[in-house]
Amino acid sequence: MIKIGILSSYNGSGFDALYNAIKNNVLDAEISIVISNNTKAKVLENAKNRDIPNFIVNSKIYPNDNLDDKITSLLLEHKCDYVFLSGFMKKIEKKLLKTFENRILNSHPSLLPSFGGKGMYGRFVHEAVIKSKAKKAGVTIHYVNENYDEGKYLLQNELVVADQESVDSLENRVKELESITIVESFKILIK
């Protein structure tokens, strides 16, 4: 059984998708740790309610520590095979990248390489898709490297953008597709 570490800054909807897939025996895996940089992240409360070890790692709590070292050591301590970024808003640093090379995955709410890069996350992506009058939108699960949204793709799923699509409706549809795509990606990794 593989062990997954989750890094998340807010709600952690990807964490929820993985947790539910594991609970329903869709994935033979375990979420062994959740780490957030945000003390008010809902993902921490969700992890606590599910008896999953969870930690806050930021410069306020560890002012004299190297945060990259701290996150890496926590993931190693909890024997993680893979790391999944579920809305983690910090750039992944060198030690973590090297330690978990080709084992850190991110979910991006567009069909990369379109609408990716620094500052392109969440609602900003959906606004850009609507503004550009793109015909397709979707989700990309990709490996993380030193550059935002440039790692090798593991899986992409797409949907057609409706003629009268709003930012809100697109965001909701992509979120649904994202949950499915995250689970599909881990099925690929686990086989």
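Readers should treat all values here as calculations from the given coordinates under stated rules, not as data from a laboratory. Nothing here was measured: the structure is a model prediction, and the numbers come from that model. Cβ sites come from the backbone with ideal geometry, for glycine too, and all protein chains shown count toward neighbours.
For segment 6-12, backbone phi angles converted through the Karplus equation (6.51, -1.76, 1.60; θ = phi - 60°) give residue-by-residue couplings of 10, 10, 8, 9, 9, 7, x Hz, Gly and Pro being listed as x.
Across segment 172-181, rounded Karplus estimates of 3J(HN,Hα) from the backbone phi angles (6.51 cos²θ - 1.76 cosθ + 1.60, θ = phi - 60°) give 5, 5, 5, 4, 4, 5, 4, 4, 5, 5 Hz, Gly and Pro being marked x. Projected label points at V26 and E127, each 7 Å from Cα along the beta carbon direction, are separated by 3.1 nanometres. The simple spin-label model puts a point 7 Å past each Cα toward its Cβ; for Q156 and I190 those points are separated by 2.6 nm. Dipole orientation for segment 37-123: of the candidates N66, I56, P109, P109 has the Cα lying most toward the positive pole (charges on Cβ; Lys, Arg +1; Asp, Glu -1).
Spin-label pair M1-I56: with each label point 7 Å from Cα along the Cα-Cβ axis, the two points sit 3.0 nm from one another.
For the pair D65 and T39, the difference between a 0.36 nm per residue extended length and the Cα-Cα distance amounts to 7.6 nm. Of the chymotrypsin sites (Phe, Trp or Tyr not before Pro) found in segment 43-88, not one falls in a DSSP loop while having at most 10 other beta-carbon atoms within 10 Å. The charge dipole of the chain, taken about its Cα centre with unit charges on the Cβ of Lys, Arg, Asp and Glu (plus for the first two, minus for the last two), comes to roughly 180 debye.
To the nearest 0.05, what FRET efficiency results for N172 and K79 with a Förster distance of 45 Å applied to their C-beta separation? If you can, show how the numbers build up before the last one.
Values: r = 36 Å, r/R0 = 0.79.
Efficiency at R0 = 45 Å is approximately 0.80.
Just need the Rg to Rh number for the chain, please, alpha carbons only, Kirkwood Rh.
Details: Rg = 16.2 Å, Rh = 16.9 Å.
Taking Rg over the Kirkwood Rh, I get 0.96.
Going by neighbour counts of Cβ atoms within 10 Å, the residues D163, D149, D168 line up, fewest first, as D163, D168, D149.
Say the cut-off is 29 Å between C-alpha atoms; which of K60/K95; K48/K91; K42/K191 go over it? As for pairs spanning more than 29 Å Cα to Cα, those are K42/K191.
Can you put E93, E101 in order, fewest other beta carbons within 10 Å first?
Values: E93 15, E101 11.
Going from least to most buried by this count: E101, E93.
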